[in-house]
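Since the structure comes first, as structure tokens, the remarks are kept for the end.
The values are calculated or read from the model by the stated rules, or taken from the named source; none is laboratory data. Just so you know, these numbers come straight off a predicted model, no measurement behind them. A quick note on method: Cβ atoms are made from the backbone with ideal geometry, for glycine too, and the neighbour counts reach across all protein chains shown.
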Amino acid sequence: MPSIHFSRIVDLSHLITPNIALWPNDPPVLFNTEASLEKDGYYLRSFSIGEHSATHMNAPNSFETGAMGIDDYTPESLVRPAVVMDLARRVGDNVDYVISLQDIEDWEQAHGPIPEGCVVLFHTGWQSRWADPGRFFNQDERGLHFPGVGAAATRLLLEKRRIAGIGIDTHGVDPGQETTFASNRLVLGRRGIILECLNQLDQLPATGCTLVIGVLRLEAGSGSPASVLAFVP
């Protein structure tokens with residue numbers, strides 16, 4: 001049977017609290033105590049959170065009527081090799097940085113061809129802004145500003161490298177100013193994997209990791225908060 005060889009495991013998910021950075025107009029994160037040790041003999045909370053909040057995975061039906069939901073992803077599809085493109089120095093404080101074909105070409109020159117079937121993770125440095133929603137979104141009269149993957153780069157990864165999906169440490173694989181969600185649509189149109197609001201990508205090597213993605217099997221869900229673990233060789 002297939003096996004995962006690893007020396008350590010890195011949790012790529014942010015802690016979920018009522019104060020996390022939320023997409024504009026998304027529902028708040030709520031925790032309510034439903035039972036207490038003092039009154040009921042056990043402790044229990046209910047919680048409410050948007051399907052695309054915190055570290056999360058998107059599903060095709062978030063952009064296409066009648067497409068598959070988060071509950072249709074098979075367990076096998078959620079265990080994937082990963083490569084990591086560390087672009088934090090290139091991005092710097094450029095809130096409108098668009099990941100390009102050149103970025104992919106430069107990475108492959110250093111690390112070799114991107115393998116088929118993997119998830120490509122982009123470390124932009126934005127994970128360090130998570131605790132400051134203002135700097136995470138940079139919202140102004142023109143909308144949101146954060147780095148993302150350009151459509152041309154996504155199309156090459158899908159068509160030429162035949163990847164399984166993409167992930168990023170910002171709140172969207174599309175740049176904040178990309179209002180058509182082109183990269184999302186390209187990947188999800190192939191029933192691929194989209195991971196957003198990832199954390200600790202700086203702890204991963206460029207190649208060799210295996211991702212194990214845990215989602216809530218929400219019936220017809222447009223996405224789900226996710227527990228994403230990286231097994232590092």
Requested in this report: Return yes or no: is S62 small (G, A, S), surrounded by 18 or more Cβ atoms within 10 Å (Cβ to Cβ) and touching a residue at least 12 places away in the same chain (Cβ under 8 Å)?
Outcome: yes
Requested in this report: Report, by residue number, each residue of the range 63-85 that is touching a helix residue (DSSP H, G or I) at 6+ places or on another chain (Cβ under 7 Å) and either more than 30 Å from P233 (Cβ to Cβ) or of a type in the set (D, E, K, R) (or both).
Outcome: F63, A67, M68, G69
**Report entry** Output for the range 177-197, where each listed residue is of a type outside the set (D, E), in contact (Cβ under 8 Å) with a residue 60 or more places away in the chain and not in a loop (DSSP other than H, G, I, E, B)
**Finding:** N184, R185, L188, I193, I194, L195
Query - Positions within the range 109-158 being hydrophobic (A, V, I, L, M, F, W, C) and either exposed (fewer than 14 other Cβ atoms within 10 Å of the Cβ) or closer than 20 Å to L22 by Cβ (or both), in sequence order - result: A110, W126, W130, A131, F136, F137, L144, F146
Query - strands (runs of 3 or more DSSP E) contained entirely in the range 1-110, each with at least 3 residues that are of a type outside the set (K, R) and under 18 Å from the mean Cα position of the chain (by Cα) - result: 8-11, 56-58, 79-86
Requested in this report: Keeping to the range 85-95, report how many residues are over 19 Å from P205 (Cα atoms) and surrounded by 14 or more Cβ atoms within 10 Å (Cβ to Cβ).
Outcome: 1
Report task. Could you check, for the range 35-45, whether at least one of its residues is within 30 Å of C209 (Cα to Cα), surrounded by fewer than 11 Cβ atoms within 10 Å (Cβ to Cβ) and hydroxyl-bearing (S, T, Y)? Result -> no
Query raised in the report: Would a scan of the range 121-128 turn up a residue that is modelled with pLDDT of 95 or more and in a loop (DSSP other than H, G, I, E, B)?
Result: yes
Query raised in the report: How many residues, within the range 39-58, are of a type in the set (G, A, S), in contact with a Leu (Cβ under 7 Å, 6 or more places away or on another chain) and touching a residue at least 24 places away in the same chain (Cβ under 8 Å)?
Result: 1
**Report entry** Filter result (among the hydrophobic types (A, V, I, L, M, F, W, C) and either part of a loop (DSSP other than H, G, I, E, B) or farther than 17 Å from I194 by Cα (or both)) within the range 210-233
**Finding:** L216, L218, A220, F231, V232
Query - Single residue of D174, D202 found to be in contact with a strand residue (DSSP E or B) (Cβ under 9 Å, 6 or more places away or on another chain) and not in a helix (DSSP H, G or I) - result: D174
